[in-house]
Amino acid sequence: MQLKTKRLLTTAAAALACTGPALAQSNDALKAAAQKAVSSNPDVTGRFNAYRAASDAIDASRGGFYPRLDLSANVGRDRDSIDSRTPESQSISRSGAALTLTQLLWDGLGTSKDVSRLGHERLARYFEVVDVTEQTALEAARAYYDVLRYRRLVTLAEDNFVQHRGAFNQINSRVRAGVGRGVDLEQAAARLALAESNLSTEVSNLHDVSARYQRVVGEAPPASLPLPAPLRQAIPATANDAAAEAIRRSPTISATVESLRSARSLVSLRESAYQPKVEARVRAGAGRNFDGVQDQRRDSTAEIVLNWNLFNGGSDQARVRQQTKLLTQAEDQRDKACRDVRQVVAIAYNDTRKLVDQLNYLDRNTIAIEKARDAYRQQFDIGQRSLLDLLNAENELYTAKRSYANAEYDLGIAYVRTQASMNQLSAQLGLTRDQAAPEAPDDASGWSADGDAPTRCPADTIVSPPIDFEALSKRAVSGTSPGTPIAGGVSTPVVVAAPAGSTPLPRLNDWAAAWEAKDLPRYLGFYAPGFTPAQGSVAAWKARRQAMLSKTGPLSVKLENIDVKSMGPGVTQTRFKQTYQSNGYSDVAMKSLTWQLIDGQWFITKESNL
């Protein structure tokens, strides 16, 4: 009955997503958490201050267009010696004050280029504010869902403990009455201890995600958090459309485009050093023996001054070359940002589709296991089933319910991730701009990348192929053998044959990306059939990987200093520095992967730490 009620609530939440007013009402708690995070999170306010500082930098540079007025005053005594004068030595006391007005007439457009550069810098800071706002809202929503997730898992673990405690008490009574076996009591005690451990783990996980919620939002999660309606609105129909929308709207890409334009303006600024600097100066002053001229009381001067550096050791040319290379680097950073955005939206969008299917499968799985558990319990009561059968059924049902709950909350987070990747999450939640937040600059209205759009980042994404269950069922009936297994039987999509002379470098990057995405099946798909870890069995190795990916929070894998070395025909070794970070753990290590070309694709045959 409890499971049916849960499915009805899930169906009701999905139905609420189709109605506007109900959606706004059901998401009020999530909106409030995200709004509070955006308004108070130090990451957001820090970006706000960087944006304000960039605006002040423009004002400082624009001051170069205006006249400069300087006041100078002096008092002193001059002494000189002239052979043709009698007396030869003479000294006079002098004092005075002067005003100097200087107006820049020409500096090779250096000031104009500097103002233009800082304008692009300000726009980059503005887009960074937009990006950090969206990412903070995403982190708040993720923390919100995770608190809900682990509260549900704690409840499931408590129910599981109650079931095992009841079984233990029942067997204990039988043993004391002399009608039960001691070995059954030992089995029940072992399963009870495991249930206690599972409950302790879930309570610890709930504490950790609650602390993360407090860090992001600024306060502890309230005792009651309603389940939000899925944010399905405005999600494109295809993965390619989602990628195109993400690339078009991404503030991360927009910020790198403005950084590129800033670098281009800086090249022109460096080139202005080749030009002369022309200024108009007007000076007027008065005093006693003014400017050291005896009996002079006042003086005024008007002049045009030209300064033109003819040689400074080649420093100006070197600065232009330096900035030109930094301009190329800015183009690379723009294209990298685009690829990162494309990967994020592709994974998030695929999760929104696949998790819906998984929930259907897991729902059927849970119902079937629950029926089997109920039947086993009845058979156990009349002596037709052993205690081990019943306890196995209880554990299997607990695992099925955990899997269903995880998939349910993962789906909600997947919708949130997809919205954030397209810069739509704040709008979908209805977040408002904080009163202290700066207004958008005028040049942000109607902004476009135009000719500075990414050039090495098409909007085509990897589309996960549908699973042909009908063909697999026919193969099961006919008894035909499956295709080549990868890493212990994990099936993978059909791969494109690697061209002759290729290297496993793209596969290496995809291997790291699969780990960051916590996609264990895809990660295992990079290992060759028959792969054996350096230590322990394959099963233990896979269990360790599963445990590492089960930790809460994001993972980060950064590969540097990659060295690719051919070891022979179809065999290549990659050596690299790996920087690994996860929740509460970080590590830097040198690793080596040996790759073998199998049926036109690279697979890992050996993995070791150097």
Give the residue, chosen from Q294, Q343, that is more than 30 Å from T111 (Cα to Cα) and either small (G, A, S) or surrounded by 14 or more Cβ atoms within 10 Å (Cβ to Cβ) (or both).
Q343
Residues that are modelled with pLDDT under 85, assigned to a loop (DSSP other than H, G, I, E, B) and in the same structural domain as G600 (by TED's automatic domain parsing): does the range 458-480 have at least one?
yes
For the range 296-354, the count of residues that are in a loop (DSSP other than H, G, I, E, B) and either farther than 30 Å from R94 by Cβ or of a type in the set (K, R) (or both) equals 8
Contact list, first residue from the range 516-544 and over 21 Å from S586 (Cα atoms) and in a helix (DSSP H, G or I), second anywhere and among the hydroxyl-bearing types (S, T, Y) and at pLDDT 80 or above, beta-carbon distance below 8 Å, six or more apart or interchain, is V538/T532
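Regarding R353, is this residue among the basic types (K, R) and within 16 Å of S464 (Cβ to Cβ)? Reasoning before the result, please.
Details: among the basic types (K, R): yes; within 16 Å of S464 (Cβ to Cβ): yes.
Yes, satisfied.
What about S200, is it touching a helix residue (DSSP H, G or I) at 6+ places or on another chain (Cβ under 7 Å) and either assigned by TED's automatic domain parsing to the domain that holds Q170 or at pLDDT 95 or above (or both)?
Numbers: touching a helix residue (DSSP H, G or I) at 6+ places or on another chain (Cβ under 7 Å): no; either assigned by TED's automatic domain parsing to the domain that holds Q170 or at pLDDT 95 or above (or both): yes.
Answer is no for this residue.
Which ones in the range 61-94 are of a type outside the set (G, A, S), surrounded by 10 or more Cβ atoms within 10 Å (Cβ to Cβ) and under 30 Å from D114 (Cβ atoms)?
The first filter runs over the range 61-94 and keeps only residues of a type outside the set (G, A, S), leaving 62, 65-71, 74-75, 77-80, 82-83, 85-88, 90, 92, 94.
Imposing the further condition that a residue be surrounded by 10 or more Cβ atoms within 10 Å (Cβ to Cβ) reduces the set to 62, 65, 67-70, 74-75, 77-78, 80, 82, 85, 88, 90, 92, 94.
Across the range 61-94, the qualifying residues are R62, F65, P67, R68, L69, D70.
Regarding T399, is this residue in contact (Cβ under 8 Å) with a residue 24 or more places away in the chain and polar (S, T, N, Q)?
Criteria not met by T399.
Determine, yes or no, whether D241 is closer than 30 Å to R125 by Cα and free of Cβ contacts under 8 Å to residues at least 40 places away in the same chain. Give the steps one after another, and end with the answer.
Numbers: closer than 30 Å to R125 by Cα: yes; free of Cβ contacts under 8 Å to residues at least 40 places away in the same chain: yes.
So D241 passes the test.
Considering each of D131, D43, D56, D78 in turn, give the residue that is touching a strand residue (DSSP E or B) at 6+ places or on another chain (Cβ under 8 Å) and either within 30 Å of R417 (Cβ to Cβ) or outside any loop (DSSP other than H, G, I, E, B) (or both).
Numbers: D131 fails: touching a strand residue (DSSP E or B) at 6+ places or on another chain (Cβ under 8 Å); D43 fails: touching a strand residue (DSSP E or B) at 6+ places or on another chain (Cβ under 8 Å); D56 fails: touching a strand residue (DSSP E or B) at 6+ places or on another chain (Cβ under 8 Å).
After ruling out the rest, the residue left standing is D78.
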Does the range 177-187 contain at least one residue that is touching a residue at least 24 places away in the same chain (Cβ under 8 Å) and either surrounded by fewer than 23 Cβ atoms within 10 Å (Cβ to Cβ) or charged (D, E, K, R) (or both)?
yes
How many residues does the range 217-256 hold that are buried (at least 23 other Cβ atoms within 10 Å of the Cβ) and more than 21 Å from A346 (Cβ to Cβ)?
3
Condition check for G568: at positive phi, surrounded by 12 or more Cβ atoms within 10 Å (Cβ to Cβ) and out of contact with any Ser or Thr (no Cβ under 8 Å at 6 or more places or on another chain):
no
Any chance the range 540-560 includes a residue that's surrounded by fewer than 15 Cβ atoms within 10 Å (Cβ to Cβ), under 31 Å from the mean Cα position of the chain (by Cα) and either at pLDDT 85 or above or in the same structural domain as L206 (by TED's automatic domain parsing) (or both)?
yes
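Check Y415, Y409 and return the single one that is in a helix (DSSP H, G or I), touching a residue at least 60 places away in the same chain (Cβ under 8 Å) and touching a Pro at 6+ places or on another chain (Cβ under 7 Å).
Numbers: Y409 fails: touching a Pro at 6+ places or on another chain (Cβ under 7 Å).
Answer to the check: Y415.
Could you say which residue among Q187, Q214 is over 26 Å from D28 (Cα atoms) and either outside the structural domain of A414 (by TED's automatic domain parsing) or out of contact with any Gly (no Cβ under 9 Å at 6 or more places or on another chain) (or both)? Reasoning before the result, please.
Working: Q214 fails: over 26 Å from D28 (Cα atoms).
None of the others qualify; the one that does is Q187.
Check the range 167-183 and report whether any residue there is assigned to a helix (DSSP H, G or I), at pLDDT below 95 and under 45 Å from the mean Cα position of the chain (by Cα). First the steps, then the outcome.
If we filter the range 167-183 for residues that are assigned to a helix (DSSP H, G or I), which is where we start, we get 167-176, 182-183.
Narrowing the set further to residues that are at pLDDT below 95 leaves 167-176, 182-183.
Add one more test, that the residue is under 45 Å from the mean Cα position of the chain (by Cα), and what stays is none.
No, the range 167-183 contains no residue that is assigned to a helix (DSSP H, G or I), at pLDDT below 95 and under 45 Å from the mean Cα position of the chain (by Cα).
May I ask you to say which residue of D587, D599, D563 is out of contact with any helix residue (DSSP H, G or I) (no Cβ under 8 Å at 6 or more places or on another chain), among the charged types (D, E, K, R) and over 19 Å from A513 (Cα atoms)?
Numbers: D587 fails: over 19 Å from A513 (Cα atoms); D563 fails: over 19 Å from A513 (Cα atoms).
None of the other options fit; the residue is D599.
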How do the strands (runs of 3 or more DSSP E) wholly within the range 565-610 filter down when requiring 1 or more residues that are among the aliphatic types (A, V, I, L, M) and without any contact (Cβ under 8 Å) to a residue 40 or more places away in the chain: which remain?
571-582, 585-598
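Here are some residues: R373, R377. Which one is of a type in the set (K, R) and either touching a Pro at 6+ places or on another chain (Cβ under 6 Å) or buried (at least 18 other Cβ atoms within 10 Å of the Cβ) (or both)? Walk me through how you get there before you give the answer.
Numbers: R377 fails: either touching a Pro at 6+ places or on another chain (Cβ under 6 Å) or buried (at least 18 other Cβ atoms within 10 Å of the Cβ) (or both).
None of the others qualify; the one that does is R373.
The values are calculated or read from the model by the stated rules, or taken from the named source; none is laboratory data. Bear in mind the structure is a predicted one, so any value in this text is a computation, not a measurement. Note that we place each Cβ from the backbone using ideal geometry, even for glycine, and neighbour counts take in every protein chain shown.
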